[in-house]
Every structure is written in C-alpha cells, then in structure tokens.
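For reference, the structure discussed in these notes is given below.
Laboratory data are not the source of any read-out in this text; all were calculated from the coordinates shown. Just so it is clear, the structure is predicted and the values come from calculations on it, not from any experiment. When we count neighbours, we look across all protein chains shown, and the Cβ atoms used for this are built from the backbone with ideal geometry, even at glycine.
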Amino acid sequence: MGGIIGGEIGYRILKTLSKTGNDPVPTAYKDVSKLTKLLGDKFWDEIEDKVVIDFGCGYGEDAIEMAKRGARRVIGIDIRDEVLNIARASAESNLVGSKCSFLTSTTERADIVTSIDAFEHFENPSEVLRIMRSLIKDDGKVIAVFGPTWYHPLGGHLFSVFPFAHLIFTERALIRWRSDFKSDGAKRINEVSGGLNMMTISRFEKLVGESDFRFSKFDLVPIRPLRLIAGRWTREFTTSVVRCELVAKSN
C-alpha cells in the first residue's frame, strides 16, 4: 500500500498524534434523514410498496426508516449476529417488526437492493456483487452509495489521524499503532474489525465491469471545498461520495 514513514519513528509519531484514532461518530446526519441527504427525496418514491434488501444493514437504522416510509418489506443483511439482534429489537420498538427481517443471508429476491456506506468495507466486494445479482429481480436494481474511498483525505477512516495519514505512514506502523487500542488481532489493514478494503473509484468501476451488472447511473459527489478542481484526473482525491445505480447487463 506504500507509505514512506514507518518503523519506530512512524509508530511514535502516530502515538503522539492520537491515542485512539480518527473514527468519530458522524455528525453530517444529525437531526436529518441520512437516506434523504444521500439519495434525495425521489428515493422514497422509488421504494414505495417495494421489497427492499439492505445489504450491509448494520444496526438497521436505514432499513427501519425505509419500512416506516413506504417500503412493503425490508430485509436487512449483515454477517454480524450481534448487530442483527439490536436491529430486530429496534424494529420492534419502532413498530415495524412485521415489515422488517434481519438476517445473515436470504434467498428472497427483491425489487431493490440498497448498499449504504458499505462497499469500502466488504472483504470480497466482487463476491458481494455476485450475491447482489442473485438477490434482485431481473428488472430490479442496486442503489449504492459509499465513501470516503481510499484516496480521499480521510479514506483511511480510523487510520486517518490527519488528512492522508493512511497514505503517508507504512501499513506496519499503522497496524502497530492501532494494536495499542484495538484487540481484534488484525495484522493488515484489510483484516481490521468492520472491514476496510482500500476501495478506490477505479477499482470499483473495474469490479462492476467484471460483474453481471452495468451502471445505469454513476455520480461522484466532490468534496465541497475541492469542487472547483474536481474532475477526471483528480477524482480519486477530490470525491466525497460515490453514488450509483446498477442494473443487470441484460437490461
């Protein structure tokens, strides 16, 4: 992955800069609908009376909101039983338990598969695309939005103790520093709990091109202060969010 500052010096610098990393609770969606902010009001019309699978649902907030705002049924998929149990309890407390299911897998096919803030975390994103294709009806679609991608100033998530720190320090120094306060045993960045696959925009385009999907929409939302220099040659460093829709190549 590169990086030019490593060894004891790199570790000591990171230790001095931060004791616990830069992984704050997002504040961009405080008191607003995250789905509306990311996808616009038209999203609610698209899911009206539809069966939706929320792939990588986490604690179920987005799935529950979709159930409350018009989806006929929502199935949340996640590999972590502990978060699914919390999602189920939350659905019951929000009075949508009969419309929401939270599972580790399903064979049911949906009208729409959503993937919100997840593609940069999947351990095997090409396999995820294959599974997604098996989960949508032939005339269905995937709505995906994610970021920051790897070359974003904060694309290292916790590892970005300052902008681009995840690109400046070596992986070994970053992992050694992280092991001081995380106990999952990760020895590589792509092994950290919660996943971090170092997804870039170009890699995502390549993965989709090699899948059974094609882009019906592809939108790169620029980082606001960098929007004047955002473009084809700078997009990896100036994109805040990747927003797209995928349909079967046969459509």
- line: Simple SL model, points at 7 angstrom along Cα→Cβ for Ile9 and Arg232; separation in nm is 4.0
- request: Could you tell me what fraction of 2.2 N^0.38 Å the Cα radius of gyration of region 1-117 comes to, as a two-decimal ratio?
  value: 1.39
field: Residues listed by number, region 64-92, amide nitrogen under 16 Å from Thr36 label point at 7 Å toward C-beta
entry: 64-71
- prompt: In nanometres, what is the gap between the two model label sites at Thr16 and Asn197, each 7 Å from Cα along Cα-to-Cβ?
  reply: 3.7
- prompt: Kirkwood Rh over Cα pairs of region 42-107 into Stokes-Einstein at 4 °C, 1.567 mPa s: D in µm²/s?
  reply: 114
- line: Rounded to the nearest Å, the spacing of the alpha-carbon centers of region 1-21 and region 26-105 is 38
- prompt: Rounded if a/c is under 1.5, else prolate if a/b is larger than b/c, else oblate: which is region 173-241, with a ≥ b ≥ c the root eigenvalues of its Cα gyration tensor?
  reply: oblate
field: Calculated log₁₀ intensity ratio I(q)/I(0) where the Debye formula runs over C-alpha points of the chain, q = 0.08, 0.13 Å⁻¹
entry: -0.33, -0.87
Listed pairs Lys34/Lys141; Lys15/Lys37; Lys34/Lys137; Lys42/Lys141 exceeding 24 Å between Cα atoms: Lys15/Lys37; Lys34/Lys137
statement: Along region 47-53, Karplus-curve 3J(HN,Hα) (6.51, -1.76, 1.60; θ = phi - 60°) to the nearest Hz, with x for Gly and Pro, reads 9, 3, 6, 9, 8, 10, 10
query: Going by alpha carbons, how many degrees (0 to 90, nearest 10) lie between the helix axis of 81-93 and the longest principal axis of the chain?
result: 50
task: Would you kindly state how much longer the chain becomes between Ser93 and Glu210 on full extension, computed as 0.36 nm times their sequence separation minus their alpha carbon distance, in nm to one decimal?
output: 38.0 nm
- request: Extending each Cα 7 Å along its Cβ direction at Asp180 and Asp139, get the distance between those two points in nm, one decimal.
  value: 5.8
- line: A correct Karplus calculation of ³J(HN,Hα) over region 235-248, with 6.51 cos²θ - 1.76 cosθ + 1.60, θ = phi - 60°, whole Hz and x for Gly and Pro, returns 4, 4, 9, 10, 8, 8, 9, 9, 10, 8, 10, 10, 10, 4
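For the chain, what does -39500 (n - 2.57) per DSSP helix run (n ≥ 4), summed and divided by total residues, give at 222 nm, in deg cm²/dmol to the nearest 500? Mind dumping the intermediate values first?
Numbers: 10 runs with 80 residues, N = 251.
Here the helix-only value at 222 nm equals -8500 deg cm²/dmol.
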- line: Listed by chain and number, the residues whose amide H is under 5 Å from that of Met199, excluding neighbours fewer than 5 places away on the same chain and using placed H, are Trp150
query: Amide H neighbours of Ile5 under 5 Å, counting only residues 5+ apart in sequence or on other chains, H built in-plane at 1.01 Å?
result: Phe169, Thr170
message: Over the chain, with a Gaussian network built from C-alpha contacts below 10 Å, which listed residue (Ile64, Ile47, Ile13) shows the highest mean-square fluctuation?
response: Ile13
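Going down the list Lys50/Lys217; Lys50/Lys249; Lys99/Lys206, which pairs span over 29 Å between their C-alpha atoms? If you can, show how the numbers build up before the last one.
Values: Lys50/Lys217 20 Å; Lys50/Lys249 22 Å; Lys99/Lys206 36 Å.
Listed pairs above 29 Å: Lys99/Lys206.
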- line: Under 5 Å from the placed amide H of Ser240, counting only residues 5+ away or on other chains, we find Val221, Ile223
